[in-house]
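All remarks here apply to the structure that follows.
The values are calculated or read from the model by the stated rules, or taken from the named source; none is laboratory data. Nothing here was measured: the structure is a model prediction, and the numbers come from that model. Note that we place each Cβ from the backbone using ideal geometry, even for glycine, and neighbour counts take in every protein chain shown.
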Amino acid sequence: MTAVEFDREVAGLRSTLRTFTRRFTSDREESQDLVQDTMLKALMYRDKFREDTNLKGWLFTIMRNTFINNYRKAQRAKTSHDDTKELYYLNVEDTHTFNRPEGSVEFKEVWRNVNGIKDELLIPFKMHTTGYKYHEIAKHLNIPIGTVKNRIFHARKEIQKRLEGYQE
């Protein structure tokens with residue numbers, strides 16, 4: 001494949017790449033940046049592309065890896081290092097809700113409200129929040145998968161309704 005053909009095929013997959021970015025982000029600008037970065041890398045590393053390779057799959061791999069690298073870079077940027085004498089910043093109070101004196105009471109109250117919903121909603125909800133997949137919950141409780149999804153949805157709605165007074 002010539003360089004011109006390669007460039008034309010990559011450009012032709014732009015809309016497909018834009019659609020694929022929805023797996024990673026819902027932000028429009030971030031999505032456009034991801035497509036642009038992917039296409040730039042594909043054109044820069046054209047010599048790495050092998051003729052017997054699926055071009056769309058190759059581009060999707062570049063996009064996924066670019067997203068992961070950008071995410072990791074952003075996470076590292078959030079990490080702070082305290083180089084001050086006496087480690088001043090490490091001793092700064094954490095203002096997270098549950099670290100305040102009344103936080104323990106709030107935490108218990110939240111869980112009291114969560115545990116107050118009906119067991120038929122609570123059990124699938126707790127299983128889902130602890131990592132069980134829908135099909136695993138359905139099999140364990142011996143109910144259809146649609147019923148599992150419905151109960152988890154209604155559990156969330158019920159919990160949100162009960163916790164409306166806690167929103168600041």
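Can you name every residue in the stretch 117-168 that is surrounded by fewer than 13 Cβ atoms within 10 Å (Cβ to Cβ), assigned to a helix (DSSP H, G or I) and polar (S, T, N, Q)? Result: Thr129, Gln160.
Take Phe24 and decide whether it is in contact with a Phe, Trp or Tyr (Cβ under 7 Å, 6 or more places away or on another chain), assigned by TED's automatic domain parsing to the domain that holds Leu59 and modelled with pLDDT under 85. In short, yes.
Taking the stretch 1-55 as the region of interest, none of the helices (runs of 4 or more DSSP H) fully inside it holds 1 or more residues being loosely packed, with under 14 Cβ neighbours inside 10 Å and in contact with a helix residue (DSSP H, G or I) (Cβ under 6 Å, 6 or more places away or on another chain).
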